[in-house]
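Single-structure report; data block below.
Computed from the coordinates by the stated procedures, all read-outs in this text should not be read as laboratory data. What you see is a predicted model, and the numbers here were worked out from it, not measured in a lab. Every residue, glycine as well, gets a Cβ built from its backbone with ideal geometry; the counts of neighbours run over all protein chains shown.
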Amino acid sequence: MGKKTRKTRKTRKIFKIVLAVLLAIVIFTVVGLSVVFLDVAAYTATGTHSIGPTSYPAGGGPGNALIVYDPGVSGAPKGIANDMASNLAAQGYYVDIAGIKSSTATGNMSQYQVIIVGGPIYGGTAASSVQAYLSNLKPASGTLIGVYGVGSFNTSNDKIAPLPKGSNLTVQETLKINTSQNAATVSSEFVNKLIS
């Protein structure tokens, strides 16, 4: 009876190990696929719209601004882009709000004095679409660059605006917006810091 009990225990132990390994594989597969599918939302961001200044400073407006967004699954980055555009328009800017895959977002950047790029945070870092966009961004000299990320992870600034090694791009302001924060207030503060 002792031999049979040991064999049964050994069999159960092996079964538990196999089950744990299979469970780990399933979890890693689900997480990996979810990151890929969540990033697919960037490919739907092809639209562009513009708003003019809501105030006209003495001596003319400060110029043009571009806000590029990856909407993510929730769409929150797009709403924040619109909040930031309203803030910039109130400061006298002409603002283009463009999906990250739009022709405006990938076109000539020389006309913009301010460029803001934002999107979701997946797994503690900016979406791959935002990372790729920042890697290829070629703004005019002196352009103010801001980057924001939306998510509930505790994310450092270098993960919100990850730049490749050797990049000449300088990001003046970064913002991590937690889903529980008041986006309109935080967006306004971010814009004011960026353009001041």
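The table for this structure:
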item: Too-long pairs where the Cα-Cα distance tops 20 Å, listed order kept, from LYS101/LYS138; LYS165/LYS193; LYS138/LYS193; LYS101/LYS165; result: LYS165/LYS193; LYS138/LYS193; LYS101/LYS165
item: Highest-first arrangement of 181-187, 105-111, where packing means the average Cβ count within 10 Å; result: 181-187, 105-111
item: Size descriptor, Kirkwood hydrodynamic radius, that averages inverse alpha-carbon separations across the range 44-195, Å; result: 15.1
item: Fraction of beta bridges assigned by DSSP in the range 79-183 that are antiparallel (%, nearest 5); result: 15
